[in-house]
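Chemist: Provided herewith is a single structure, encoded as structure tokens, for subsequent inquiry.
The values are calculated or read from the model by the stated rules, or taken from the named source; none is laboratory data. As the structure is a prediction and not an experimental result, all values here were calculated from the model. FYI the Cβ positions are ideal-geometry reconstructions off the backbone, even for glycines, and counts take in every protein chain you see.
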Amino acid sequence: MAESILILLILLPLAFAAFTSWMPRRHAPTVALLGTSIALVLGVYAAFIFDWNITGRYQFENTVEWLPALGISLKVGVDGVSMLLLLLTLLLGPVCVLASLTAITDRVRTYYAWLLVLQAAMTGVFVARDLILFYTCFEFTLIPMYILISLFGSTNRRKAAIKFFLYTFTGSIIALAGLVYVAWHASEHAVSGGWTFDLDRLMIAAADLPPSAQGWVLAALLLGFAVKVPLFPLHTWLPLAHTEAPTAGSVILAGVLLKLGTYGIYRLAIPFVPAAFAEFAPYLAALSIVGIVYGGLICWVQTDIKKLVAYSSVAHLGFCVLGMTAGNEIGLSGSVLYMINHGLSTGALFLLIGMVYERYHTRDMGQLGGLAAKMPVWSTFMVFFVMSSVGLPGLNGFISEFMCLLGAFQSADGWGMGLWGSAAPEGVFLPGSTPGLLGPWYAALAGVGMIVAAIYLLQLTGKVVWGPLVEPAGHGDGAHHGHQHTAHEAGHDAPGAHNTLHPASPSPAGNQQRHSNLPADLNAREIGILVPLAALCLFLGVYPKPSLVAISGSVKQTAAIMREAGVFSKRPATLPPAEQPTPVEATPSAPREAQSGAQAAAKPSEAPPGAVTLSGHGGMSR
């Protein structure tokens, strides 16, 4: 059971998607909820039997031979990082189904079937340990997301879906070129002369890539994954896709799909070409900082709440990439946590926006205000998740954002000087960690984005939650009619299609059955959706240690890979020459563990008097 659980988590949603497609339409939501709930229960069971004390190794590994003559097999396995992202994916499955019960009333079977297929594809990305399965699932996520946007989105849904598909598909094809080259290089240098797509073996083979090849392989991988993040300036597809997608589509897009890009950088780009990544890291960090500040400034002038939160993802995920480019354990840990925390808080914000849109048919901040007087429960959740997104200490957003900035601040550039000429801060010592790639100026400039984020998110809260009550015309006391614009079965715009910034005009009498009566404030179903997300945001903010321990092994190995590549040779080593570790020859079964273990066994130098020391994931002492 344990060995097959990951494969089962991929196949289960596909099976329920097939059931949903031929079930009577009234049973489709129930079947979808049952399928996603069973997958979540299996995921929680896997987390309970997962040995969190074993760090840096994959568990539940299983290999199914498919085309052995071509070296193609389906290999799965998870470590702490992929397990946490898998749990996030499985949690958002039933959340999205429950959020769609009143919002989606046309083409119900099609909607829930593709939602389940999307969950299966995302699960496959996080559990894949071979290149074929990883890329197949990575690429296949485009199809269900395209369908969800184009069939169930708002007025400009087709334009948004096409732009989303063209951007991400083009990036994926470019990334494929780099991945195929690595696989070809591995086959050319393999003893048997055959092809292999096993990620561990490809990692070993990639270490022998010539410097010129590493550069273009990195460029291909970064272009493919950066579009998915999305990293500035490849972000232009995201705001339109978020704005036009149905609520559940936006939740999945922000909660999981964007993380496929950052996960690809973390899992493939850094391990495959660490030296090239380190050389390019300062420039990648600069793009991240531009995205952080630019995204925040664009949010500041938005009037559409959903578009505001969409642009905030560009800024937030800039912090995530910044943490990776720091090249030390602190920054990498913060980056991984940011993937989880952003999925929880931003996903919840899109849920809240969808709930208020079902009642008022608008997302225009000029037509919504003072909702705390009429929707106190909704307003309480809104303030909570906004504070989480801002990074209020005690909530989940703080620890990940702080660690990304601290990793960049404590990370002196590999060339000895920062991109703007700043050296490492005097008196700072990182025992057992890397010297890093950045410096204080990177953290300082990224910190400007934190200030801008606080301004636009608090401005949003002050306008929509507090102040005098402002409602669109025709919405007085009592129940509101919820409505989400969807496509007709015939394929053309539904009656009553409207600009998302303005209230919907009254629907024709023949279309009244598409509405559902909702109370002024949140009902029990909606509260039940939000409570687990709020509880996780609070738990991860107050007690982040378990999640840090869970990812520590993977993070240490990734940092060690960059050290092993010799990318910091231009900077004096942290260890004294007499205490440098003896090189250990890597074996195919443990290419990185042996080398990183030898380095960990070496005795670190003593910190200078009065220096600040950071151990593990950020414990500070003097």
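Chemist: Among the residues of the stretch 294-306 satisfying the criterion of being in a helix (DSSP H, G or I) and either modelled with pLDDT of 90 or more or in contact with a Lys or Arg (Cβ under 8 Å, 6 or more places away or on another chain) (or both), which is nearest to residue 240 (Cα to Cα)?
Modeler: It comes out as 306.
Chemist: Residue check: is residue 104 under 20 Å from residue 272 (Cα atoms) and either in contact with a Phe, Trp or Tyr (Cβ under 7 Å, 6 or more places away or on another chain) or not in a loop (DSSP other than H, G, I, E, B) (or both)?
Modeler: Here the answer is no, as residue 104 does not meet what is asked.
Chemist: Do we have residue 175 as within 20 Å of residue 230 (Cα to Cα), in a helix (DSSP H, G or I), of a type outside the set (S, T, N, Q) and in contact with an Asp or Glu (Cβ under 8 Å, 6 or more places away or on another chain) here?
Modeler: It is false that residue 175 is within 20 Å of residue 230 (Cα to Cα), in a helix (DSSP H, G or I), of a type outside the set (S, T, N, Q) and in contact with an Asp or Glu (Cβ under 8 Å, 6 or more places away or on another chain).
Chemist: Still on this structure, I have one more. Report yes if residue 262 is touching a helix residue (DSSP H, G or I) at 6+ places or on another chain (Cβ under 8 Å) and surrounded by fewer than 24 Cβ atoms within 10 Å (Cβ to Cβ), otherwise no.
Modeler: No: the conditions fail for residue 262.
Chemist: Right, something else. Residues that are out of contact with any helix residue (DSSP H, G or I) (no Cβ under 7 Å at 6 or more places or on another chain) and among the charged types (D, E, K, R): does the stretch 383-403 have at least one?
Modeler: Within the stretch 383-403, not a single residue is out of contact with any helix residue (DSSP H, G or I) (no Cβ under 7 Å at 6 or more places or on another chain) and among the charged types (D, E, K, R).
Chemist: Is there a residue being touching a residue at least 60 places away in the same chain (Cβ under 8 Å) and assigned to a helix (DSSP H, G or I) anywhere in the stretch 39-53?
Modeler: For the stretch 39-53, residues touching a residue at least 60 places away in the same chain (Cβ under 8 Å) and assigned to a helix (DSSP H, G or I): present.
Chemist: Can you tell which of 43, 35 is in contact with a helix residue (DSSP H, G or I) (Cβ under 7 Å, 6 or more places away or on another chain), crowded, with 19+ Cβ neighbours inside 10 Å and more than 17 Å from residue 108 (Cβ to Cβ)?
Modeler: 43
Chemist: What residue, among those in the stretch 57-91 that are hydroxyl-bearing (Ser, Thr, Tyr) and in a helix (DSSP H, G or I), is surrounded by the fewest Cβ atoms within 10 Å (Cβ to Cβ)?
Modeler: 82
Chemist: Report whether or not residue 253 is farther than 22 Å from residue 279 by Cβ, at pLDDT 90 or above and either assigned to a helix (DSSP H, G or I) or over 17 Å from the mean Cα position of the chain (by Cα) (or both).
Modeler: Taking the combined requirement at face value, the residue satisfies it.
Chemist: Moving on to the next point. Which numbered condition in (1) aliphatic (A, V, I, L, M); (2) at pLDDT 90 or above; (3) surrounded by fewer than 19 Cβ atoms within 10 Å (Cβ to Cβ) is the only one that residue 180 fails?
Modeler: Every condition holds for residue 180 apart from (2).
Chemist: Being farther than 21 Å from residue 28 by Cα, polar (S, T, N, Q) and touching a residue at least 40 places away in the same chain (Cβ under 8 Å) is the filter here, so list the residues in the stretch 111-140 that pass it.
Modeler: Within the stretch 111-140, just 123 meets the criteria.
Chemist: Report the residue count in the stretch 196-225 for those that are touching a residue at least 60 places away in the same chain (Cβ under 8 Å) and within 25 Å of the chain's Cα centre (by Cα).
Modeler: So the count comes out to 8.
Chemist: Could I ask something else about it? What number goes with the only condition from (1) in a loop (DSSP other than H, G, I, E, B); (2) closer than 21 Å to residue 290 by Cα that residue 208 does not pass?
Modeler: Of everything listed in (1) in a loop (DSSP other than H, G, I, E, B); (2) closer than 21 Å to residue 290 by Cα, residue 208 misses just condition (2).
Chemist: Another question, if that's okay. Test residue 354 against the criterion of being within 17 Å of the chain's Cα centre (by Cα), at pLDDT 90 or above, on the phi < 0 side of the Ramachandran plot and in a helix (DSSP H, G or I), and give yes or no.
Modeler: no
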